[in-house]
Amino acid sequence: MTSLYNEHFGLNEAPFSITPNPHFFFAGSGRGSMLEALRYAFASEEGIVTVIGEVGSGKTMLCRMLLDELPDDIDAIYLGNPSFSRNEILDAIAHDLGVSAGSAPTRIDALNAELIRRYADGRRVVLLIDEAHAMPRDSLEEVRLLSNLETSEHKLLNIILFGQPELNQLLAQNDLRQLRERVVQRFELGPLPKSEIADYLAFRLRAAGHRDSFPFAPPAVALIARCSEGITRRINILADKALLSAFARNTRKVEREDVERAARDAGLVAPRKREWKPLAQAAAVLLAIGAAFGLGRMGGADSEASRPGAPNAAVPSAVQEQSTEPAPAPAPAVVVDTSRNELIAEAAQPAASPATVTAPAASADFLADGHLLASAERDLRHWIGHDNAGYTLQIATMRTQNEAQAEDELRRLVQSVPDQAVRVLRRPQSNGQLFIFFLGDFASNADAQQAIARLPDNLRTNQPIVRSHSAVRAGASPTS
């Protein structure tokens, strides 16, 4: 990207380069919490993790952040070439680990021996594959075989696949079902919401050394939001060209006309506004009449839209249809309430049977206790200290150096679910402490999934993660 305007705007470097530089990682809109969840996943989960996002949504940036902030006891292998053949993947991994076939019968055997040696030395190995949607099927099958390398208790290689939505379509095919069933966590990197575009622009400018007033006029920000549809790469391209346009006009204020020039130059046309249609109005009226007579949603009880949690199940109201704004982008599967750092991630499996919950530990009865956090931490240690095959829900995370903030967050969660147990895992971090909040105790994954539907709206819409007892215990280990 151009640097012609850097001095004009008081910048140390180009703020909107499309190169995935970790210095410009924006933690808003769930990015920061997704990064924490990925760190937790490959430190404690045993299987394959997928990260899905559209072109330019920031997958490679997230991958670079993981590589830059790996714990000292984790060795990472990064494969950025999706066209690797089956044998080339093994060769690349072996090269990164310094493995030669030697006397081993096969390359897989040699890799297995090296992974066992590193595991015995207290080291973990994680494989990150970018652009995984473009991998040949044989190569994806090799990934499945690699995921089978294990001791009697633990996987030897954790795998994270970054790809476009086509990866989901690929994994949905019947001949890849064995690989699909080994995916233990699925994350989706969605577009930035319009409300966070200005924050994103301001963050990138500050990271590049900008100290003056925010240069983008509100109409300019609104047009960037519309033309980019929240895709970060498009935002960067438009912002860079708009700054160049303002520089050419010898002004430090970016106006809507600058973004219009940028959009024309980049070929990014704003999506057409929806028009009010009489048919849409009639449909909304019919829906309202049906609801008044208790007819429920159109399509019958067995329709896709009638299933709880089905995508796009809610039919827009007449007020929504009248909107002149473009249709909102699909909500990302991982979102965050930045004021409370609530982690919201996609649940791994659909709901099934009714939930069972044990008696609460940190509950409304304990709100008056000045040591609510300590009580919730003790209960977590007690829960993982017993061998069982239970499950719980991870409903929030918070990284902070202020224990009082974690206590306040716990108190808020307990007030939201006064009849269920809330437990807390505290993990020391280099820049503070990470507090992970768990809710409930369930006999099966299906019970935990069903419990999600019973949560209050402020928690249920966040789609908590189902965690097994063994995964939580592994995450609580001092060496994890």
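Every number here is computed from the coordinates shown, using simple stated rules; none is lab data. Quantities reported herein were computed from a predicted structural model and do not represent experimental measurements. Every residue, glycine among them, receives a Cβ derived from its backbone with ideal geometry; neighbour counts consider all protein chains shown.
Structure values in brief
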quantity	calculated
Residues whose placed amide H lies under 5 Å from that of Ala396, excluding near-sequence neighbours	Leu343, Phe437
Mean separation of Cα contacts under 8 Å (6+ apart) over length of segment 30-189, as relative contact order %	39 percent
Only Lys, Arg (+1) and Asp, Glu (-1) charged, at Cβ; segment 30-189 dipole about Cα centre in debye	200 debye
Spherically averaged projected area in nm², based on the convex hull that wraps the Cα atoms of segment 30-189	9.0 nm²
Fewest-first sequence of Arg226, Arg144 by Cβ atoms within 10 Å of each Cβ	Arg144, Arg226
